[in-house]
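Single-structure report; data block below.
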Amino acid sequence: MQVVQSSLSNKITGHIISSMHSPIENTDICLWLNAVATSRDKSAFTQLFHFFAPKILNISKSKLSNKTLANEVVQETMSNVWKKAHLFDESKGAPTTWIYTIMRNVTFDILRKLQSNKEDNLSDDIWPMVEMAEVDDEPFSDHLEQKQILSVIDKLPQNQQEVIKGFYFMEMSQEQLAQHLDLPVGTVKSRLRLALIKLRGLLGVNND
Amino acid sequence: MINHHPKIELLIQYVNGELPASISAGIKIHADLCPKCNNQIIELTKHAAETSFAQEDTLVGIGSEVLSLKGDEPEYNFDAQSMINNITDMPAETELKVDDTPVSITLRGVEYELPNVMKHMSLGKPAQIGKLSRSRILLDEGHIHSSLLRIEAGGSIPEHTHNGYEITLLLEGSFKDDMGEYVAGDFIVLDGKHQHQPMSELGCLCYTVVSDSLHFTQGINKLLNPIGSFIY
Ligand SMILES: [Zn+2]
């Protein structure tokens with residue numbers, strides 16, 4: 001139960017945060033990454049490139065204030081995406097987080113080379129790519145936060161509680177829930193949506 | 001029990017990759033021992049990724065965005081197609097090898113296993129004054145100096161203040177000053193406002209990052225000035 005509860009808090013807050021500004025279609029990105037990983041699919045990579053490269057370019061231009069270096073960040077980051085796509089594990093986090101980590105690490109090493117003249121590439125020791133798993137079996141993680149979320153869920157109307165608990169505690173799909181509660185899928189979806197809006201308000205998550 | 005954590009501002013800069021390697025490594029050492037900060041870092045990274053990659057063009061609907069990007073070619077100041085060609089000519093990287101061989105250091109005959117994050121950092125030759133042993137971490141960060149510092153049982157550092165800041169990450173053992181007792185994993189930040197005289201009853205090993213030389217405050221200790229440059 002402990003395990004389920006602690007992943008619950010992550011999941012709910014994570015869900016709210018990502019639905020706050022979720023213009024990124026993670027499923028598409030995952031599909032492209034998978035295509036690169038399994039069949040070295042060049043057109044999928046091209047999609048990834050046109051989605052991320054302009055953003056990476058903007059970010060690194062402002063960080064490095066040097067066009068050549070900014071291009072180097074794009075080149076290095078996207079090369080790593082190509083070469084390491086098979087190491088991306090969807091179950092361990094969003095693809096955007098994975099690519100962000102690569103970009104941050106590449107930029108860090110370039111900056112360090114610039115400032116300290118060191119090519120020790122420490123970024124992978126500081127932020128190891130293999131460690132990107134979420135810690136969800138941490139028994140003494142955030143008790144307070146969990147308790148808060150659990151008590152907030154109890155404030156929801158009974159029918160919303162049912163869907164929220166089924167969805168997050170028991171990790172049931174919306175279809176499974178519909179079957180389990182003997183409701184149309186549409187009803188489950190709208191209850192879930194209402195419950196999330198309400199939870200967001202109760203938890204004080206701002207729409208910044 | 002760990003009582004001293006890096007401030008949230010520091011964690012945000014860490015996640016953004018904006019801190020020097022020395023301080024970033026200190027936070028990594030702490031996070032490996034502190035599930036609370038580790039989880040916070042995971043959340044902050046997720047958040048940083050979302051805000052970095054979500055931009056104004058998000059006004060376009062979720063599904064259509066990708067399609068519309070395909071239509072209007074994004075602007076680059078380089079030849080995107082040839083970059084894509086170059087990249088896709090590269091072979092996939094074989095599985096990442098995780099090198100778990102522990103690195104260690106021997107100070108006055110005592111061998112200490114060092115945190116993983118120090119795997120690729122080179123260490124200077126150990127030096128000693130009294131009950132203090134120090135080995136520089138050769139990171140070449142200008143006025144920021146990092147060291148491994150060992151205080152032998154019963155040893156202490158004369159009372160001092162800091163011109164800049166001093167970050168101490170206790171790796172093994174414990175020490176105390178007038179503000180309390182510290183244990184392994186504690187992330188301690190001191191600046192010019194603080195004065196302290198750390199002493200260790202049973203001995204300890206610390207990872208330290210100091211941004212400016214220390215200032216000794218007690219009369220007789222001014223004679224001990226070599227220690228100032230020793231610890232800095
Ligand atoms: Zn902490």
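A short reminder: the numbers here are calculations on the coordinates, not readings from a lab. These numbers come from a predicted model, not from an experiment. All Cβ positions, glycine included, derive from the backbone under ideal geometry; neighbour counts span all protein chains shown.
Which members of the range A:98-121 meet the condition of being among the polar types (S, T, N, Q) and under 19 Å from B:Ile137 (Cα atoms)?
A:Gln115, A:Ser116, A:Asn117, A:Asn121
Among what's in the range B:8-31 and is within 10 Å of the ligand (Cβ to nearest atom) and touching a residue at least 12 places away in the same chain (Cβ under 8 Å), pick the residue that is farthest from the chain's Cα centre (by Cα).
Across the range B:8-31, the extreme among qualifying residues is B:Leu11.
Scan the range B:105-138 residue by residue and report those that are without any contact (Cβ under 8 Å) to a residue 24 or more places away in the chain and assigned to a loop (DSSP other than H, G, I, E, B).
Those that are without any contact (Cβ under 8 Å) to a residue 24 or more places away in the chain and assigned to a loop (DSSP other than H, G, I, E, B): B:Gly109, B:Lys119, B:His120, B:Ser122, B:Gly124, B:Lys125, B:Pro126.
Taking B:Lys36 as the residue in question, decide whether it is near the ligand (Cβ under 9 Å from one of its atoms), in a helix (DSSP H, G or I) and more than 12 Å from the chain's Cα centre (by Cα).
It is true that B:Lys36 is near the ligand (Cβ under 9 Å from one of its atoms), in a helix (DSSP H, G or I) and more than 12 Å from the chain's Cα centre (by Cα).
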